[in-house]
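The values are calculated or read from the model by the stated rules, or taken from the named source; none is laboratory data. Just so you know, these numbers come straight off a predicted model, no measurement behind them. Virtual Cβ from ideal backbone geometry, glycine too; neighbours counted across all protein chains shown. Protein only, heavy atoms only, side chains kept; ligands, DNA and RNA dropped before computing areas. Shrake-Rupley method; radii C 1.70, N 1.55, O 1.52, S 1.80 Å.
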Amino acid sequence: MGMNIAFFDAKDYDIPAFERYGKENGISFKFYETKLDADTTELARGFDGVCVFVNDTVSAPVIDKLYGMGVKYIALRCAGYNNVDLKHCFQKLHVVRVPAYSPYAVAEHTMAMLLTSVRRIHKAYNRTREFNFSLNGLTGFDLHGKTVGVVGTGKIGSIFIDICKGFGMNILAYDKFPRQDADFPYVSLDEIFERSDIISLHLPLFEDTYHLIDREALKKLKKGVIILNTSRGALIDSEALLEGIKQRIIGAACLDVYEEESELFFEDFSGHIIADDTLARLLSMPNVIVTSHQAFLTEEALSNIAETTVENLTELRDGKVCRNELCYDCGNMEECKKKRKERCF
Ligand code: NAI
């Protein structure tokens, strides 16, 4: 049985793997460059499902419209789902995601950003291209012996911890649900703030994690701390981050995500005037490195994303239980089908 999917926010690098896996499994994709939002939902008319990424908007009005048009599935080709009103999807559209495609890609990118920052590689790269071989201002510091506070010890956080161990760093961790098999110490979030030379965020964006690093947190941070965020932008209050940098509390920031990224990231705005003053100011800082939600972007990850998304859609199409289906946690132990390992509805 065939299936057709409207694929939003398509980029050249997405298409080959999705076409390949789709063809093998009887799924055809229509690739749209535009993002899904209330204005573009109409493009999904006549499709069985939509495939979306981190900056598509799957809000209640979009969900109602999709449902009204007979669309049945929302396939997220990412792990995070903070852009989907899951509660509103319940009993209307099945939502699937790709929980892990390459946690190594993200953890390795996090370390790449940290090394770039502390060893001033970004500065050196530009200098030597101009035949400037001076070392002034490029002094870094050893990571060996430094304390890294890892917030969120799931798949990516755990790999990042292993990488940091390889560098001889001291690990502190915080997680709402600590790992039972951890061979590193868990401490409170306040202790992470107070004791870490480097803080790396590897947790999802939820209501209780929104602005985890805010003005209050600034008061607790160790002077000169490096902040790494390859998770979700809104884990950090960007205004507070800027304030912390100006006050020399934060020594450097490496950001692969930004709370207002959805209008900017993944597109070429060179030659344009950027209206976001906070981002512009952050980018003007010598100790801030920004990549545009690039941490996932490896060959391995792209292939895994396409393979898992196609698998998810095939399972839904064939009426099977999809292990990657997200459901609104109804909290009803008796009735909750997901807890009985059935389809959410
Ligand atoms: P995961 O689900 O394996 O781990 C998340 C961890 O956060 C879990 O251990 C969980 O217990 C913990 N957590 C949840 N709520 C918490 C709270 N309130 N306080 C402290 N800890 C809490 O997820 P994974 O795969 O490690 O991904 C982490 C994040 O990385 C994702 O949520 C996603 O936002 C981001 N990500 C970014 C990518 C990029 O390209 N920049 C690509 C993939 C993921």
*Under the Kirkwood approximation applied to all pairs of distinct alpha-carbon atoms, what is the hydrodynamic radius of segment 81-187 in Å?*
16.9
*Please report, as a whole percent, how much of the solvent-accessible surface of the chain comes from carbon and sulfur atoms (probe radius 1.4 Å).*
51
*Near P16, within a Cβ-to-Cβ distance under 12 Å, what is the net charge of the other residues, with Lys and Arg +1 and Asp and Glu -1?*
-1
*On a 0 to 90 degree scale, rounded to 10, what angle separates helix 103-118 from the longest Cα axis of the chain?*
20
*Going toward the positive end of the dipole of the chain, with +1 on Lys and Arg Cβ and -1 on Asp and Glu Cβ, which of T309, G26, I156 do you reach last?*
I156
_Kirkwood-type radius of segment 76-125, with distances r between different C-alpha atoms, in Å_ = 13.8
*asked:* Just want to confirm a number: the relative contact order over segment 103-290, from Cα pairs under 8 angstrom separated by 6+ residues, in percent.
replied: 18
*Distance from the Cα centre of segment 208-251 to that of segment 1-75, in angstrom?*
35
*Filter the chymotrypsin sites (Phe, Trp or Tyr not before Pro) in segment 165-228 to those in DSSP coil with at most 15 other Cβ atoms within 10 Å of their Cβ, and list the result.*
F167, F206, Y210
*Bin by bin, in steps of 5 Å, what percent of the Cα pairs in segment 231-299 do you find, going until the bin that has the longest distance?*
4, 15, 28, 27, 16, 8, 2, 0
*Under a 1.4 angstrom probe, counting protein chains only, how are R127, R281, R45 ranked by accessible area, largest first?*
R45, R281, R127
_Debye-sum result for segment 203-345 in log10 I(q)/I(0), which assumes one identical scatterer on each alpha carbon, at q = 0.08, 0.09 Å⁻¹_ = -0.35, -0.44
*Could you pull out the pairs from K65/K92; K72/K92; K220/K246; K35/K92 whose alpha carbons sit more than 18 Å apart here?*
K35/K92
*Mind putting together the pair-distance distribution for segment 103-290? All Cα pairs, 5 Å bins, whole percent per bin, short to long.*
1, 7, 16, 20, 21, 16, 10, 5, 2, 1, 0
_Give me the tail of P(r) for segment 137-239 as a percent: Cα-Cα pairs with distance above 24 Å._
18
*Divide, for the chain, the radius of gyration over alpha carbons by 2.2 N^0.38 Å, where N is the residue count.*
1.06
_Counting just the Cα atoms, what span does segment 279-332 cover along each of its three principal axes? Round to the nearest Å and put the largest first._
53, 35, 13
